[in-house]
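Heads up: the structure comes next, in structure tokens.
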Amino acid sequence: MLPPEPLRIFVSLKHMADQTVLRLVLFRLGSLVCAAPAVGVREVIPAGIPTRIPGASASVSGLLNLRGTLLTVVNGSRVIGLNEPEGSPESVLVLDQSGRAVGLAVDEVLDLVEVASDQLEDGEALPGIDPGLVRQVGHHDGRVFAVLDLEKLVTPLLG
């Protein structure tokens with residue numbers, strides 16, 4: 001016979017199903033591991049050599065030709081305030097910012113991960129990153145990463 005009250009395991013399974021899982025693109029800027037919500041990343045392309053825009057902020061690397069469309073590329077390391085890395089960025093994350101494509105040059109794309117939203121802590125200061133640019137902080141495979149607020153990161157540079 002079944003007990004008159006529901007089994008605890010079924011309650012736990014229902015609670016687990018209610019958790020929100022976020023897909024994040026992990027990338028490296030200098031020695032920092034950062035993340036961007038995968039829903040905001042259209043694609044990842046090789047960095048190439050952008051054409052400098054006269055009068056643009058030093059954080060704007062320039063323009064890349066992406067299949068016939070000009071893509072403004074922002075240097076991720078510069079915009080978060082890191083000293084220039086020795087090498088040039090390896091990849092560009094093509095971000096969707098309010099229906100507009102914007103490139104974020106990063107040193108290395110590390111992984112695409114799924115993280116339960118309750119595993120992320122609200123933005124806190126990490127050494128080397130302006131706390132205003134950090135939405136949340138998480139851990140994956142022993143690495144601490146900062147989920148960046150992409151809108152605050154690139155919108156001021158694009159006007």
Net charge, Glu90 excluded, C-beta distance under 11 Å - Lys, Arg +1, Asp, Glu -1: -1
How do 48-54, 107-113, 22-28 rank on mean C-beta neighbours within 10 Å, highest first? 22-28, 107-113, 48-54
Summed side-chain charge close to Leu26 - residues other than Leu26 whose Cβ falls under 15 Å, Lys, Arg +1, Asp, Glu -1: -2
Would you kindly find the accessible area of Ser88, with a 1.4 Å probe and non-protein molecules such as ligands, DNA and RNA excluded, rounding to the nearest 10 Å²? 100 Å²
Theoretical gain in end-to-end length, Ser31 to Asp118 [0.36 nm per residue, Cα-Cα removed]: 28.8 nm
The local net charge around Arg100, scoring Lys/Arg +1 and Asp/Glu -1 for residues other than Arg100 whose Cβ lies under 15 Å from its Cβ, equals -2
Gain in span if fully extended, Gln97 to Ala38, counting 0.36 nm per residue against the direct Cα distance: 20.0 nm
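The values are calculated or read from the model by the stated rules, or taken from the named source; none is laboratory data. As the structure is a computational prediction, the values presented were derived from the model and not from experiment. Ideal geometry is used to build each Cβ from the backbone, glycine not excepted, and the neighbour counts take in all protein chains shown. In case anyone asks, the SASA skips ligands and DNA or RNA and just uses the protein heavy atoms, side chains included. Shrake-Rupley method; radii C 1.70, N 1.55, O 1.52, S 1.80 Å.
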